[in-house]
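*Asks:* Below: one structure in structure tokens.
The values are calculated or read from the model by the stated rules, or taken from the named source; none is laboratory data. Computed from a prediction, not measured in an experiment: that's the story for all the values here. Here the Cβ positions follow ideal geometry from the backbone for every residue, glycine too, while neighbour counts run over all protein chains shown.
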Amino acid sequence: MIFQQVTIGSNRTPGSKHWGAPIIGDNCYIGAGAKIIGNVKIGDNCRIGANAVVTKDVPSNSTVVLGEVIVIAREPTLDTHYYSKNSDGKWIVYNNGKFELSEVQFGE
């Protein structure tokens, strides 16, 4: 899931330490305004917080926030699915390119 105004950018500055393009793993959630720049690897099941600037590798199952990569949580597997309610008030989840009824039901 990639939210609005996210930058996934290559670094083409000759001789730069992080020359190249990002590689983003599976099942990642990238918050609004995040910047992922240069030859960095984002592991599977990661959450990148809104407006975070990522210029270093992020291990799998991590949550990253702020301007410098600071891992604040590392779980076995993070649920990075997007949940919402449908017009009938039932919880749905975006999974494999489509919305479906969620097995997980949240309290109000």
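*Asks:* I'd like the full set of residues that are under 10 Å from the mean Cα position of the chain (by Cα) and at pLDDT below 90, limited to the stretch 45-63.
*Replies:* Answer for the stretch 45-63, where residues must be under 10 Å from the mean Cα position of the chain (by Cα) and at pLDDT below 90: there is none.
*Asks:* Among the residues of the stretch 1-12, is any assigned to a strand (DSSP E or B) and touching a Ser or Thr at 6+ places or on another chain (Cβ under 7 Å)?
*Replies:* no
*Asks:* Sticking with this one: Looking only at residues that are small (Gly, Ala, Ser) and buried (at least 19 other Cβ atoms within 10 Å of the Cβ) in the stretch 33-52, which one is nearest to Ser10 (Cα to Cα)?
*Replies:* Ranking the qualifying residues of the stretch 33-52, first place goes to Gly38.
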